[in-house]
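The values are calculated or read from the model by the stated rules, or taken from the named source; none is laboratory data. Just so you know, these numbers come straight off a predicted model, no measurement behind them. All Cβ positions, even for glycine, are placed from backbone atoms using ideal geometry, and neighbour counts span all protein chains on display. Accessible surface areas use protein heavy atoms only, side chains included; no ligands, DNA or RNA. Shrake-Rupley method; radii C 1.70, N 1.55, O 1.52, S 1.80 Å.
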Amino acid sequence: RHVLSVENSGQPPWKTDGNNGGWGGDHAPACAVCTAGPDLLLSWISAEAGYGLIRVDAQGRKQWGVLRSGISQLASDGERVWLSTGFFEDDGEIHPSFLVCHGIEVLSAKDFRPLLFGNGAKTLAPPADGRPEADNVIGGLALSKGTLFAAYRRRNLVVAYDAAQGTQTGSWEVPSPGALAARPDGALVLVADGTLSLLRDGKLSALATDHLDRPKGLALDGAGNICVANWGALQNVSIFSTEGKYLKSIGVAGGRPRVGAYDPAGMLNPKGIAIDAAGRL
């Protein structure tokens, strides 16, 4: 009698012709999430036989999946999804993903068909200066009013692209930029050198330095509050106001143990986070 499948939340757990069976990647945990209308997109940095990108409904039921690998960042407008593939960074070390292109691609959010940018390119070109390809690893993506922002941490750059055409429209020097989130007014909330910061009109200012510990993920709620996923000793999500005032934390302080009894109230290395249409983190 089949009771359950280990590390697999699919219904059914096995692959189906419609690509809605099984779950996600098979070599690493999920690392990125973003909203796509009422649904959510989830990605895995490593997937050999599994699905590296899936779409789920508001209840977490898988709708569709694609056999891709190496997707570390996501952004979507509900109709399209932009994703960064190739190299990824873990604790300061650069790792190449296998069987993938390197760069930022765009797919249909409905069925993950590859699309071309308006300039005919398959991927967005990083700023050219002859540096090694691994230096173009992307630490954050954000979409706002037709502009896609990408954080090139090892190059100390945040670059803006026309999300449809694929052309670069601007860039700003930012120390070690990471996770990004776009505000309705066009400003960017971001992690810069481990600090919660704001990039507005080309000027960088600090929002908060406390209740942060190796911040890896960012999301904004409907009121503009800032959610930050912490990978360090905190192992939680810290919530700040629009102005950067600390409000509260979600998750048991220190998270849950890697080995031992499972604590459902504790997080373990939270990274990609998003707020869904119902206001849930």
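Which entries in the list 145/248; 62/110; 145/216; 216/245; 110/271; 15/62 go over 21 Å, if you measure between the two C-alpha atoms of each?
Listed pairs above 21 Å: 145/248; 145/216; 110/271.
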**Prompt:** Which value, in Å², gives the accessible area per residue of the chain when a 1.4 Å probe is used on the protein heavy atoms?
**Reply:** 49
**Request:** Among 268, 42, 10, flag the residue with its Cα farthest along the positive direction of the charge dipole of the chain, charges on Cβ as +1 for Lys/Arg and -1 for Asp/Glu.
**Result:** 10
**Request:** May I ask which residue of 127, 115, 198 lies farthest towards the positive end of the charge dipole of the range 104-202, with charges of +1 (Lys, Arg) and -1 (Asp, Glu) on Cβ and the Cα centre as origin?
**Result:** 115
**Complete:** A chain fully extended from residue 9 to residue 253 at 0.36 nm per residue, minus the present Cα-Cα distance, gains in nm 85.2 nm
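Heavy atoms only, probe 1.4 Å: what % of the accessible area of the chain goes to carbon and sulfur, would you let me know? Intermediate results must be reported in sequence, preceding the final value.
On the way: 6960 of 13680 Å².
Answer for the chain: carbon and sulfur cover 51 percent of the accessible area.
Ignoring chymotrypsin sites (Phe, Trp or Tyr not before Pro) that are buried or in helix or strand per DSSP, and keeping those with at most 15 other beta carbon atoms within 10 Å, what is the longest stretch of the chain between them? Intermediate results must be reported in sequence, preceding the final value.
Working: sites that count: 14, 98, 262.
The answer is 99-261.
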**Net dipole in debye of the chain [+1 Lys, Arg Cβ; -1 Asp, Glu Cβ; about Cα centre; nearest 20]** = 400
**Request:** Mind sorting out which of [x] 1.11; [y] 1.02; [z] 0.95 is the real Rg/Rh (Cα atoms, Kirkwood Rh) computed from the coordinates?
**Result:** [z]
